[in-house]
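First comes the structure, then the notes that go with it.
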Amino acid sequence: MIERKLTKEQQVVVEVANYIGRNYIAPHAIEWDEKEVYDPTPIKAMAQADLFGLLIPKEYGGLGFGSTETALAMETLSKYCPGVATTFAAGCLGALPLLIGGTKAQKEKYLPLIAQGKALCAFALTEPQAGSDAAAIKTTAKKDGDHYILNGIKTWITNGGIADIYVIIALTDPKKGPRGASAFIVHKNDPGFVPGRKEKKMGLRSSVTSELILMDCRIPKDRLIGREGMGFILAVKALDLARPGVAAQAIGLAQGAMEVSLLHAKRRVQFGQPVYNFQAVSHTFAEMAARLEAARSLLYDVTRMIDSKAKNISGASAMVKFYATDMAMWVSERAVQMMGGLGYSRDSLAQKYMRDAKCLQIYEGTNEIQKNVLARELAKIYQHEEAA
């Protein structure tokens with residue numbers, strides 16, 4: 001509803017994402033969800049349209065855009081299917097540690113493949129005992145001459161088993177705890193590296209989530225990103241940059257849910273008139289629109305902040321992630337309610353949006369953790385003001 005001025009390039013990004021959504025995603029979204037099927041067709045279409053190159057610098061074969069353009073693509077794709085958009089989003093997240101801390105040789109080798117969509121990425125931090133407490137990871141990487149040997153299990157890894165390139169966070173010095181963690185590049189065909197059990201999820205079913213098992217996985221030492229001990233620094237920076245993308249997914253999801261339910265409310269006749277005419281219903285949609293636009297405004301304020309190279313984005317990134325995903329959960333639940341029994345049917349997109357929305361409140365750091373992050377940042381700000 002609120003008009004936002006986009007550059008010509010940004011308009012093209014939205015148009016391309018809409019084209020892919022209408023033609024490659026929308027006709028199959030419910031079927032893929034019902035069957036829990038990952039179909040690479042829309043991902044290939046995104047690759048051909050250069051969407052995977054949005055964040056990659058031009059010198060490495062990308063388009064050289066920023067967080068705003070990437071968020072526009074994610075928002076638009078998520079309107080059609082948040083599950084498919086999650087595959088795209090996880091690919092972007094997996095590329096971020098390379099962009100942030102990769103050597104020139106690593107960037108020259110991997111970033112062109114990522115930009116062209118020839119190599120799908122995944123980011124692997126979570127383990128069975130290390131979810132919100134990411135510092136509790138146990139996967140190790142032991143130096144052995146010109147190689148590292150990795151051992152451990154990663155869980156809940158988006159794109160696990162279908163990605164070509166994995167960024168693995170592992171301990172090179174377990175005695176140092178988080179300061180002993182490092183980041184490594186692992187290829188899907190590396191000996192000793194195998195996908196484990198695929199998760200059966202409530203939502204985002206067209207996206208693959210699985211275990212990763214590393215059993216004496218031997219990789220060359222030049223696959224270390226940055227230097228030893230930088231793993232958690234790279235992970236935190238990558239997640240700070242990626243969380244606005246989750247917010248973008250939430251906003252696209254909420255937009256789709258609102259549109260589906262509003263169209264139904266205008267067509268469904270009860271007591272001699274469309275149910276939209278009843279004040280309880282129309283006021284619900286007014287609230288949906290207001291919350292949606294507030295989240296969207298916050299998102300693009302944060303992406304502009306990132307694109308302007310702001311030094312500290314942790315608080316803003318956390319804020320937009322929990323605010324937008326909580327909004328999406330509320331909007332999608334209301335969308336089901338506004339459609340009554342039809343919204344509850346598995347043939348309806350409304351119930352799919354609601355199930356998909358739940359995961360957005362959990363992954364890439366639960367919303368409770370995001371509030372902790374924001375609270376810490378607020379304390380720092382007011383501590384400085386008090387001192388002044």
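Please find, among E9, E69, the residue that is acidic (D, E), in contact with a Phe, Trp or Tyr (Cβ under 8 Å, 6 or more places away or on another chain) and at pLDDT 95 or above.
Details: E69 fails: in contact with a Phe, Trp or Tyr (Cβ under 8 Å, 6 or more places away or on another chain).
It is E9.
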Criterion violated by S282 - all others in (1) part of a helix (DSSP H, G or I); (2) touching a residue at least 24 places away in the same chain (Cβ under 8 Å); (3) among the small types (G, A, S) satisfied: (2)
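One line per residue, one yes/no per condition, for (1) in contact (Cβ under 8 Å) with a residue 24 or more places away in the chain; (2) within 21 Å of I165 (Cβ to Cβ); (3) assigned by TED's automatic domain parsing to the domain that holds S206; (4) touching a helix residue (DSSP H, G or I) at 6+ places or on another chain (Cβ under 6 Å):
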{"position": "A49", "(1), (2), (3), (4)": "yes, yes, no, yes"}
{"position": "E59", "(1), (2), (3), (4)": "no, yes, no, no"}
{"position": "C81", "(1), (2), (3), (4)": "yes, no, no, yes"}
{"position": "T86", "(1), (2), (3), (4)": "yes, yes, no, no"}
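Would you be able to tell me the number of residues in segment 10-33 that are farther than 21 Å from N159 by Cβ and either out of contact with any helix residue (DSSP H, G or I) (no Cβ under 8 Å at 6 or more places or on another chain) or not hydrophobic (A, V, I, L, M, F, W, C) (or both)?
Looking only at segment 10-33, we keep the residues that are farther than 21 Å from N159 by Cβ, and these are 10-16, 18-19, 22-23, 26-27, 30.
Checking which are either out of contact with any helix residue (DSSP H, G or I) (no Cβ under 8 Å at 6 or more places or on another chain) or not hydrophobic (A, V, I, L, M, F, W, C) (or both) leaves us with 10-12, 15, 18-19, 22-23, 27.
The total comes to 9.
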Among (1) more than 18 Å from A95 (Cα to Cα); (2) touching a residue at least 60 places away in the same chain (Cβ under 8 Å), the one test that D133 misses: (2)
Filter result for the condition that a residue is touching a strand residue (DSSP E or B) at 6+ places or on another chain (Cβ under 9 Å), buried (at least 24 other Cβ atoms within 10 Å of the Cβ) and of a type in the set (V, I, T), over T86, T103: T86
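For every residue, the table says whether it meets (1) under 17 Å from Q255 (Cα atoms); (2) within 23 Å of the chain's Cα centre (by Cα).
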| position | (1), (2) |
| --- | --- |
| A318 | no, yes |
| K321 | yes, yes |
| M327 | yes, yes |
| R334 | yes, no |
| M338 | yes, no |
| L342 | no, no |
| K358 | yes, yes |
| E368 | no, yes |
| Y382 | no, no |
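Please count how many residues of segment 95-134 are part of a helix (DSSP H, G or I) and in contact with a helix residue (DSSP H, G or I) (Cβ under 8 Å, 6 or more places away or on another chain). It would help to see each step written out before you state the result.
Applying the first criterion (part of a helix (DSSP H, G or I)) to segment 95-134 yields 95-101, 104-115, 134.
This time we only want the ones that are in contact with a helix residue (DSSP H, G or I) (Cβ under 8 Å, 6 or more places away or on another chain), so: 95-101, 105-108, 110-112, 114-115, 134.
Final tally of qualifying residues: 17.
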Matching residues in segment 129-141 - criterion: being of a type outside the set (A, V, I, L, M) and surrounded by 14 or more Cβ atoms within 10 Å (Cβ to Cβ): G131, K138, T139, T140
Residues of segment 294-310 classified as hydrophobic (A, V, I, L, M, F, W, C), surrounded by fewer than 22 Cβ atoms within 10 Å (Cβ to Cβ) and part of a helix (DSSP H, G or I), total: 4
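Residue-by-condition table, conditions (1) within 29 Å of S67 (Cα to Cα); (2) without any contact (Cβ under 8 Å) to a residue 12 or more places away in the chain; (3) outside any helix (DSSP H, G or I); (4) of a type in the set (D, E, K, R):
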position	(1), (2), (3), (4)
N312	yes, no, yes, no
K321	yes, no, no, yes
D326	yes, no, no, yes
M329	yes, no, no, no
R346	no, no, yes, yes
C359	yes, no, no, no
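Taking the condition within 22 Å of G203 (Cβ to Cβ), outside the structural domain of I56 (by TED's automatic domain parsing) and either of a type in the set (K, R) or touching a strand residue (DSSP E or B) at 6+ places or on another chain (Cβ under 6 Å) (or both), does R267 pass? Give the derivation first.
Numbers: within 22 Å of G203 (Cβ to Cβ): no; outside the structural domain of I56 (by TED's automatic domain parsing): yes; either of a type in the set (K, R) or touching a strand residue (DSSP E or B) at 6+ places or on another chain (Cβ under 6 Å) (or both): yes.
For R267, the condition - within 22 Å of G203 (Cβ to Cβ), outside the structural domain of I56 (by TED's automatic domain parsing) and either of a type in the set (K, R) or touching a strand residue (DSSP E or B) at 6+ places or on another chain (Cβ under 6 Å) (or both) - is not met.
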Failed condition for Q116, given (1) among the polar types (S, T, N, Q); (2) over 16 Å from the mean Cα position of the chain (by Cα); (3) surrounded by 21 or more Cβ atoms within 10 Å (Cβ to Cβ): (3)
Flag if D347 is under 16 Å from the mean Cα position of the chain (by Cα), surrounded by fewer than 22 Cβ atoms within 10 Å (Cβ to Cβ) and farther than 22 Å from L125 by Cα: no
Filter pass, L98 being outside the structural domain of T158 (by TED's automatic domain parsing) and under 23 Å from K311 (Cβ atoms): yes
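The values are calculated or read from the model by the stated rules, or taken from the named source; none is laboratory data. All of these numbers come straight from a predicted model, not from anything done at the bench. FYI the Cβ positions are ideal-geometry reconstructions off the backbone, even for glycines, and counts take in every protein chain you see.
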